[in-house]
1. Rounded to whole Hz and in sequence order, give me ³J(HN,Hα) for segment 337-352 from the Karplus expression 6.51 cos²θ - 1.76 cosθ + 1.60, θ = phi - 60°, writing x for Gly and Pro.
2. With every protein chain present, what is the per residue accessible area of segment 1-120 (1.4 Å probe, Å²)?
3. Want the number for VAL104 to SER362: 0.36 nm per residue separation, take away the alpha-carbon distance, what's left?
4. Taking 29 Å as the cut-off for C-alpha to C-alpha distance, list the pairs among LYS99/LYS132; LYS152/LYS358; LYS93/LYS382; LYS8/LYS339 that go past it.
5. For segment 1-52, what D do you get in µm² per second when you plug the Kirkwood radius from alpha-carbon pairs into Stokes-Einstein at 37 °C and 0.692 mPa s?
6. How large, in percent, is the carbon and sulfur part of the accessible surface of segment 28-155 at a probe radius of 1.4 Å?
7. Pulled fully out, how much extra length does the chain show between ASP219 and GLN154, if you take 0.36 nm times their separation in residues and subtract their Cα-Cα distance?
8. Please report, as a whole percent, how much of the solvent-accessible surface of segment 158-214 comes from carbon and sulfur atoms (probe radius 1.4 Å).
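The values are calculated or read from the model by the stated rules, or taken from the named source; none is laboratory data. All values reported here derive from a predicted model rather than from experimental measurement. All Cβ positions, even for glycine, are placed from backbone atoms using ideal geometry, and neighbour counts span all protein chains on display. For the accessible areas, the whole protein counts, side chains as well, though only heavy atoms, and no ligand, DNA or RNA atoms are used. Shrake-Rupley method; radii C 1.70, N 1.55, O 1.52, S 1.80 Å.
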Amino acid sequence: MDLVLLQKSLRQFAAEREWEPFHTPKNLAMALMVEAAELAEIFQWMTPEQSQNAHGDKVVQEHIGDEVADVLLYLLQLADHSAIDLKRAVGRKLVKNAKKHPPVKPGLPIGPMALLDAPTHVLVDWENVQPKDKDILALVPGATHVWIFHGKTQKKVDAHQAAFGDNLTLIPITRAGKNALDFHLSFYMGYITSRHPEARIVVISNDQGYGPMLAHAQDLGFVASQLGFAKPAAVARKTAPSKPVAKAAAKRVATKAPAAAPKAAPARKPVVAASQPAAAPSPKTAQAKPTAATKKAPAKKAAPTKAAPKAVAAKAAPVLLADADYAHVVKSLQKSKNKPTRKARLQGLVRSLVAGGKADDSTVEAVVARLVADRHVAIDAKGAVSVPA
């Protein structure tokens, strides 16, 4: 049941009959109470056992259905005229109830807290990248729904997407044109966020043209980001030398080494003994004449080892977030209509706002810690997040 669409239909129904002036929150609440009383009247004089079996009578069952529907319709209208987002209101209330009434039998089927985990929708630009289901799950471990946007001529798009089952949706472009697929993807992103405002959106593409749209979505308070994808095989081809190159290198070594070996021992023996007694001379070094420049070679070899610790230290140094970027995170968090209620969702929001959605875990944790220290958010021992007004 699409509750939002039903609320719009009820507004139109009232407008066509000129009932709108009477549909104030006060009147709707009173009407709701009357309909709830009429529902209670059906069971008024029944015993508990009779009420449990009342629906066995088809006439009584229809009567119950009519009154339940009246209660629901007035409730939906009351929420509509009071600007209540029912999905969010129900979610918050379930969380409050779970905290107020902790489970007495741990280990039973999942409860409200687990059901409130926000879905993650992954939108794949298939003309740009073609990740398999295992690749998508590696990039986005929490992916719940996958949407693949592809050209009409691209075949077997879902050949390696079995992991997502019914949560996989294929979207072929309607007509070819400049940036046609990009516009299709943007349209569906709006569609998804309108129906699931709490959802996390991840676009997988190497095309940087989605940046402005995703930045705008983040400014509106949505959790949206982009990830690139490179085939592992392509990386391997770039790093591994080709067979002809490897053969040529081996041939050069084979032809140079024997010629240099006879001259190496007498020429380099005094120098090696003076500086590195245990080291054997390499063929290339042995071939060189013992000039003044050659005697300085050991000092030059030491230079890379001195630079190595600096490289390691630079890699391990913590990432410092610029004040402007941190201010952007705070502003987006305060403007967001869908405040994160769990630490995982807060981390997802921060990740989407920092470094183009590619921030590492340590950077995300540092930003979250700073938000807590500055009292922009509070996180309890169970991971529940509250954002002060």
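1. 7, 10, 5, x, 9, 10, 4, 4, 5, 5, 5, x, 5, 4, 4, 5
2. Normalised by residue count, the accessible surface of segment 1-120 is 75 Å².
3. Details: separation 258, 0.36 × 258 = 92.88 nm, distance 3.64 nm.
Working it through step by step, the gained length comes to 89.2 nm.
4. LYS99/LYS132; LYS152/LYS358
5. Working: Rh = 13.5 Å.
Rounded to a whole number, D works out at 244 µm²/s.
6. On the way: 5090 of 8240 Å².
That share works out to 62 percent.
7. Numbers: separation 65, 0.36 × 65 = 23.40 nm, distance 3.46 nm.
Taking 0.36 nm per residue and subtracting the Cα distance, the gain is 19.9 nm.
8. Numbers: 1700 of 3160 Å².
Carbon and sulfur together cover 54 percent of it.
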